[in-house]
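Reviewing the structure listed below.
The values are calculated or read from the model by the stated rules, or taken from the named source; none is laboratory data. The model shown is predicted, which means the values in this text are computed figures rather than measured ones. Neighbour counts are summed over all protein chains in view; Cβ atoms, including those assigned to glycine, are modelled from backbone coordinates with ideal geometry.
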Amino acid sequence: MNETAKNTLNVGTILNEKWVILEFIGRGGMGEVYRAHQIILKRDVAIKVISREWLSCITDDEQEVETALQRFEREVRAMAQIRHPNIVQIFDYGMDSIHYDGENNTIHYIVMEYIPGNTLRETMSEQGFEPEEDLIREWLTRYFLPILDGIEAIHKADMVHRDLKPENFLISGDIPKIADFGIARSCRWRAVTNSIDIKGTIMYMAPEQFMDFRRTDHRADIYSLGKILYEAISGKMGSQNKHIHFKSVGLENAGTPFFKELDKAIYMATAEEKEERLDSIEQLRSKILHALTLTEKSGKTTSDGSAKEMRFPFLHRAAWIWAGVAVAVLSMGLMTLWHLLGEPGGGFDIRPEEKLKVHEKQITPQSRITPDLLGKSITTEDGSTMFYIDGGKVTLPKTNGEKITVDPFYMDENPVTNQQYVKFLNEVSAKPGVANNVVLGDGNIWFFLGEVMEGYDPISYRDGKFFITHSGHSACPVLRVTAFGAEAYAEFYDKRLPTEAEWLYAYRNGTDAGGDDSGFFPIPTPVILLDKNRFGIRGLNQSINEWVFRSESKDTETPVLEPEYMIVGNIGVEKSEKATLSLLKRLPWEAFETVGFRGAKDVSEK
């Protein structure tokens, strides 16, 4: 008998006059999965047909089967309300009557987002990544941390997955998406050991789930995640690893601070007694992020001392930069604490060696930085740190050597990030509208949605709200913002855009090379990884250009009647060790793939 004859649905079958079956994909514990086409919306979807075998494992009583189906339907509908980039979206739940095994049968099915890629299993090594710290760090930041975000969203909706395993995480491009969630959320199992769903997943199952399914809660998912993390590092688990089923596990060779921290996370996540287990996804994420801060960004060597080449087949070489997302969380917290405790050197100093360099090289007659303001900073309502920049003279391009006096001012440490701009769009009182991927506010164009470049689409809009499409892009500079949109953000948080003179002064006087040198960082890169100059400002003339106001010359006979906007940076330069600084006047409703912005503030403002 061929494969098609064994399937419940044949290619060409139409369910409820809406879904055309195109292809059989495979079987799972719950039933069969097909690729189908939605006739009206003309899109491919995945359809999972609930098998009678799965229903029979719940109970033999037909009435209880119907009760279980009703409960299951409610759970599916609840899951359909969860919108998260790391969760496979549910589109529909229904039933239909088909002719099967010589008689008409009612089938129940779920319609879901179709993901044609691989599963998390294909991103993991059979032998495990240990001792390759670089490979583990890439895997954690590219896949595992986004998975935690998705599971956390499920838990916040008072749901539990209960069947987490590498095969249940689908990979869409580089984005992991959680599938097969809640398949037994409200079902009463007659006997767990008779379930067809145990085969292949028992090594990830929490002890309480095996002993008494109804005792399980969100901590069962945490146990499964701990086992997956253990497997990624130590190698694939299977029947030969029966000694670790339902047991707490740990790494055998945790010789470095990085591995020791991961070992603690795994051990605490897989505690046999759920009361002793990590109690939330937040706790597990925190331990992983802390481990990432203990890992060097480069220079990894093997046990024989030779440099290791990256061999991860599903990761790009530039993927290391996403570890910066983890660093950002810790660094911003430490920086805030530093400012709250008072003057630099007053009891808590993050980088004393950098402070020493400042005192040795930066307090010069030319710099005009006075010791009482050196390193001064303020924190603004959007959570940004702004550093004090002394005033002075600066020459503007194409002005025949004319010098403009720049008064002291504060400037944002970092360019405004995707996360900050999304928060602004969702909080601003005059709610912006969206038409054809154009965000409109106050009658002006603020922002353009869509791909900034191929594969990078950081901000999305649905159901009247803006979202970060991928958690790894939260800390990257926001791009394709117009001058109108940048100015609206700055005004909302009681700031303004820098003038071109201020920007140039911060850049030229903030670098040892007088502003001629600029490192290059690919887009997207988290702001925490951008180079910091001696004022404490990151990312000036690196990778992205920025919106500024045109400065008013005191010597000009023609006053500027209306605000004029310019972009400043290495305009038109894709990659260069020495990028040429340029200034270009642009219209305020224009937006560009390499242009972001940051805020400024007068020193006299409180």
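So that you can scan it fast, the table gives a plain yes or no per residue for (1) surrounded by fewer than 20 Cβ atoms within 10 Å (Cβ to Cβ); (2) modelled with pLDDT under 85; (3) in contact with a helix residue (DSSP H, G or I) (Cβ under 8 Å, 6 or more places away or on another chain); (4) not in a strand (DSSP E or B):
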{"site": "Glu73", "(1), (2), (3), (4)": "yes, yes, no, yes"}
{"site": "Asp96", "(1), (2), (3), (4)": "yes, no, no, no"}
{"site": "Asn104", "(1), (2), (3), (4)": "yes, yes, no, no"}
{"site": "Met112", "(1), (2), (3), (4)": "no, no, no, no"}
{"site": "Leu135", "(1), (2), (3), (4)": "no, no, no, yes"}
{"site": "Trp139", "(1), (2), (3), (4)": "no, no, yes, yes"}
{"site": "Phe144", "(1), (2), (3), (4)": "no, no, yes, yes"}
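Considering only the stretch 269-287, state which residues are in contact (Cβ under 8 Å) with a residue 40 or more places away in the chain and part of a helix (DSSP H, G or I).
Ala269, Lys274, Ile281, Glu282, Leu284, Arg285
Would you point out which residue out of Ala291, Ala269 is in contact with a helix residue (DSSP H, G or I) (Cβ under 9 Å, 6 or more places away or on another chain) and modelled with pLDDT of 95 or more?
On the way: Ala291 fails: modelled with pLDDT of 95 or more.
Of Ala291, Ala269, the one residue that is in contact with a helix residue (DSSP H, G or I) (Cβ under 9 Å, 6 or more places away or on another chain) and modelled with pLDDT of 95 or more is Ala269.
Could you pull out every one of the strands (runs of 3 or more DSSP E) wholly within the stretch 410-486 that has 1 or more residues that are touching a Lys or Arg at 6+ places or on another chain (Cβ under 7 Å) and more than 26 Å from Thr379 (Cβ to Cβ)?
Numbers: elements: 433-435, 438-441, 444-448, 459-462, 465-468.
Result: 444-448, 459-462.
Of all residues in the stretch 186-225 being modelled with pLDDT under 75 and among the hydroxyl-bearing types (Ser, Thr, Tyr), which is surrounded by the most Cβ atoms within 10 Å (Cβ to Cβ)?
Top of the filtered list is Ser195.
Does the stretch 146-171 hold any residues that are surrounded by fewer than 20 Cβ atoms within 10 Å (Cβ to Cβ), out of contact with any helix residue (DSSP H, G or I) (no Cβ under 8 Å at 6 or more places or on another chain) and touching a residue at least 12 places away in the same chain (Cβ under 8 Å), and which are they?
Result: Ala153, single match.
Could you check the stretch 237-265 and list, in sequence order, the residues that are of a type in the set (Lys, Arg) and at pLDDT 85 or above? Walk me through it before giving the result.
Step one: filter the stretch 237-265 for residues of a type in the set (Lys, Arg), giving 242, 247, 260, 264.
Hits for the stretch 237-265 are Lys247, Lys260, Lys264.
Could you tell me which residue of the stretch 114-132 is surrounded by the most Cβ atoms within 10 Å (Cβ to Cβ), considering only residues that are more than 16 Å from Ile171 (Cα to Cα) and of a type outside the set (D, E, K, R)? Full working, then the answer.
As a first pass, look at the stretch 114-132 and keep what is more than 16 Å from Ile171 (Cα to Cα): 126-132.
Filter again for of a type outside the set (D, E, K, R), leaving 127-129, 131.
Working: Gln127: 9, Gly128: 18, Phe129: 20, Pro131: 17.
Applying the filter and picking the extreme gives Phe129.
Please work out if Asp44 is more than 21 Å from Ala153 (Cβ to Cβ), touching a Phe, Trp or Tyr at 6+ places or on another chain (Cβ under 6 Å) and modelled with pLDDT of 75 or more. Full working, then the answer.
Working: more than 21 Å from Ala153 (Cβ to Cβ): yes; touching a Phe, Trp or Tyr at 6+ places or on another chain (Cβ under 6 Å): yes; modelled with pLDDT of 75 or more: yes.
Yes; evaluated as a whole, the condition is true for this residue.
Of all the residues that make up the stretch 146-172, how many are within 20 Å of Met203 (Cβ to Cβ) and either part of a loop (DSSP other than H, G, I, E, B) or outside the structural domain of Lys227 (by TED's automatic domain parsing) (or both)?
Number satisfying all stated conditions: 6.
Just to be sure I understand the filter: pairs with C-beta atoms under 9 Å, separated by 6 or more residues or on different chains, first member in the stretch 75-87 and touching a residue at least 24 places away in the same chain (Cβ under 8 Å), second member among the polar types (S, T, N, Q) and part of a helix (DSSP H, G or I). Which pairs pass?
Sorted first by the residue in the stretch 75-87, then by its partner, the pairs are Pro85/Ser471; Asn86/Ser471.
What strands (runs of 3 or more DSSP E) completely inside the stretch 507-590 contain at least 3 residues that are in contact with a Pro (Cβ under 9 Å, 6 or more places away or on another chain), assigned by TED's automatic domain parsing to the domain that holds Asn444 and at pLDDT 50 or above? Working first, answer last.
On the way: elements: 545-549, 565-569, 582-586.
Of the strands (runs of 3 or more DSSP E) lying wholly inside the stretch 507-590, those with at least 3 residues that are in contact with a Pro (Cβ under 9 Å, 6 or more places away or on another chain), assigned by TED's automatic domain parsing to the domain that holds Asn444 and at pLDDT 50 or above span 545-549.
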